[in-house]
């Protein structure tokens, strides 16, 4: 797996996908829908898979002495690594943002709960995108369309909740460290859901890919 | 023991079907896998490495199926489809650096030797290589992990005659001096005249011939005929008779040659393939 991950980083990674990690700095923008940074990570995933198709990445990897399913595992782990990196890079910006600016009037504050919701978004994207992508790797756009649609829908729902659901509006969408207990619980639940959804995505993607004729 | 044994391979794709494909590749031999475009050569080769899931049949590498030891088999087999058509923007150095880590048996000295032999510059990007150089790079990678069987899908397609000849000489050297077995699909049959020991001829998804190259050629004769000679030939004697610039040409079984009453000449692999395909109404 170490060699496959190395291959992902040196051969499959698209430069733009790495640059998108810096867009975590968008948390510094006042009054902005911060979930947009999740969209950029997903766009980076699309770029990797799209250039992978042009580079015949799957054929190259399948010729190496690895199991076909390891190829899927390496790609999903790489994307998860990018997603976690995006959020880790976002942490200092979130801390800085909460200190210098007032409440986010557009959507969710960049606080502890925000990261929990972001993890759920990534989990949903992974489930929808990878399930579709490994059914037909040649149709990356279609898989991204479904993944992006699911991501956008969840983003809209989460932002709407921040305005309409009293518990979210009054407790979770508040500057840290207020209601930290609730926010940490949400973060833990988001992380658990992320792991669960990604594991499910991996399992289904491996199953689809194993049955695929290349 | 054969380095590769294919037994009863079947695969259906819509209207196309691969039917009961069986053949062997002997150690240190060059086996030409011929057939016209769409005959099923690539599907067969892809089935060997499980890129395509066959409906029935199996392939045994060194006596064992891929599923029993995927890691071991892939260490010992080098597969190249055309040349090296991956990651066109990457430098050879980067691709090699990633690739070699997957092979515990990687021989860096051999790799350097093949780079020098094939005049490959590691600083070049894949897209900067000519088609011939891409094939050589794919060979250098396969040979550096000590592959004992090379499975090559159309390695000479798109190459100029000089590059093709150069490559065929390399194949002969690998088979004769290093005992490496080569299974090599092509529709350019003249390439096989120069180097193949054995021929597997695939026609419409079925093995039409599986024989020693010389024995296969000896089975047939060709004849250049006038219209009158063609018309006078006994029914069923001429195989795939076709129009030429002057008169007609046809293939016939060697044992039928005395019955024709006209001069015949030895048949090349191309003659055999072209006339037999014509016989099927394929052209």
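The values are calculated or read from the model by the stated rules, or taken from the named source; none is laboratory data. Values in this document were obtained by computation on a predicted structure and should not be read as measured data. We place every Cβ from the backbone using ideal geometry, glycine too, and count neighbours over all the protein chains shown.
Would you tally the residues in the stretch A:62-84 being within 9 Å of another protein chain (Cβ to nearest Cβ) and within 19 Å of residue B:94 (Cβ to Cβ)?
Here is the first cut: in the stretch A:62-84, the ones within 9 Å of another protein chain (Cβ to nearest Cβ) are A:62-68.
Okay, now just the ones that are also within 19 Å of residue B:94 (Cβ to Cβ), so A:63-64, A:66.
Looking only at that region, the number is 3.
Quick one: how many residues across the stretch A:43-59 are loosely packed, with under 15 Cβ neighbours inside 10 Å and farther than 18 Å from residue A:72 by Cβ?
So the count comes out to 1.
Where in the stretch B:1-81 are there strands (runs of 3 or more DSSP E), lying fully within it, with 2 or more residues that are at pLDDT 90 or above and closer than 30 Å to residue B:194 by Cα?
B:4-13, B:16-25, B:30-34, B:56-61
Can you tell me which residues in the stretch B:211-238 are modelled with pLDDT under 85 and under 28 Å from the mean Cα position of the chain (by Cα)?
Residue satisfying the conditions is B:238 alone.
Against the conditions (1) under 24 Å from residue B:212 (Cα atoms); (2) touching a strand residue (DSSP E or B) at 6+ places or on another chain (Cβ under 7 Å); (3) surrounded by 13 or more Cβ atoms within 10 Å (Cβ to Cβ); (4) more than 14 Å from chain A (Cβ to nearest Cβ), where does residue B:40 fall short? Just the number, please.
Failed condition: (4).
What's the number of the condition residue B:104 fails, among (1) more than 22 Å from residue A:55 (Cβ to Cβ); (2) away from every other protein chain (no Cβ under 14 Å)?
It is condition (2) that residue B:104 fails.
Out of B:25, B:98, which single residue is within 11 Å of chain A (Cβ to nearest Cβ) and surrounded by 14 or more Cβ atoms within 10 Å (Cβ to Cβ)?
Of the residues listed, the single one that is within 11 Å of chain A (Cβ to nearest Cβ) and surrounded by 14 or more Cβ atoms within 10 Å (Cβ to Cβ) is B:98.
Among the numbered criteria (1) within 14 Å of chain A (Cβ to nearest Cβ); (2) surrounded by 16 or more Cβ atoms within 10 Å (Cβ to Cβ), which single criterion is violated by residue B:71?
(2)
Of the residues A:69, A:78, A:45, A:61, only one is closer than 18 Å to residue A:201 by Cβ and at pLDDT below 95; which? Steps first, answer last, please.
Details: A:78 fails: at pLDDT below 95; A:45 fails: at pLDDT below 95; A:61 fails: closer than 18 Å to residue A:201 by Cβ.
Of the residues listed, the single one that is closer than 18 Å to residue A:201 by Cβ and at pLDDT below 95 is A:69.
How many residues does the stretch A:14-42 contain that are surrounded by 15 or more Cβ atoms within 10 Å (Cβ to Cβ) and part of a loop (DSSP other than H, G, I, E, B)?
Residues that pass the stated criteria total 6.
Listed here are the residues, each with its yes/no results for (1) more than 10 Å from the chain's Cα centre (by Cα); (2) surrounded by 22 or more Cβ atoms within 10 Å (Cβ to Cβ); (3) farther than 18 Å from residue B:199 by Cβ.
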site: B:141; (1), (2), (3): yes, yes, yes
site: B:144; (1), (2), (3): yes, yes, yes
site: B:158; (1), (2), (3): yes, no, yes
site: B:162; (1), (2), (3): yes, no, yes
site: B:171; (1), (2), (3): yes, yes, no
site: B:175; (1), (2), (3): yes, no, no
site: B:181; (1), (2), (3): yes, yes, no
site: B:184; (1), (2), (3): no, yes, no
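Can you find even one residue in the stretch B:45-64 that is free of Cβ contacts under 8 Å to residues at least 40 places away in the same chain, within 11 Å of chain A (Cβ to nearest Cβ), surrounded by 22 or more Cβ atoms within 10 Å (Cβ to Cβ) and over 30 Å from residue A:13 (Cβ atoms)?
Scanning the stretch B:45-64, I find at least one residue that is free of Cβ contacts under 8 Å to residues at least 40 places away in the same chain, within 11 Å of chain A (Cβ to nearest Cβ), surrounded by 22 or more Cβ atoms within 10 Å (Cβ to Cβ) and over 30 Å from residue A:13 (Cβ atoms), so the answer is yes.
Looking at the stretch B:124-150, I want the residues that are free of Cβ contacts under 8 Å to residues at least 40 places away in the same chain and have a partner that is surrounded by fewer than 23 Cβ atoms within 10 Å (Cβ to Cβ) and in a strand (DSSP E or B) with Cβ atoms under 9 Å, at least 6 apart or on another chain. Which pairs are those?
B:124/B:91; B:125/B:91
Out of B:33, B:86, I need the residue that is facing chain A (nearest Cβ under 9 Å) and under 20 Å from residue B:156 (Cα atoms). Which one?
B:86
Tell me, which residue of the stretch B:233-260 that is in contact with a helix residue (DSSP H, G or I) (Cβ under 9 Å, 6 or more places away or on another chain) and either assigned by the TED database to the domain that holds residue B:199 or assigned to a helix (DSSP H, G or I) (or both) is surrounded by the fewest Cβ atoms within 10 Å (Cβ to Cβ)?
B:254
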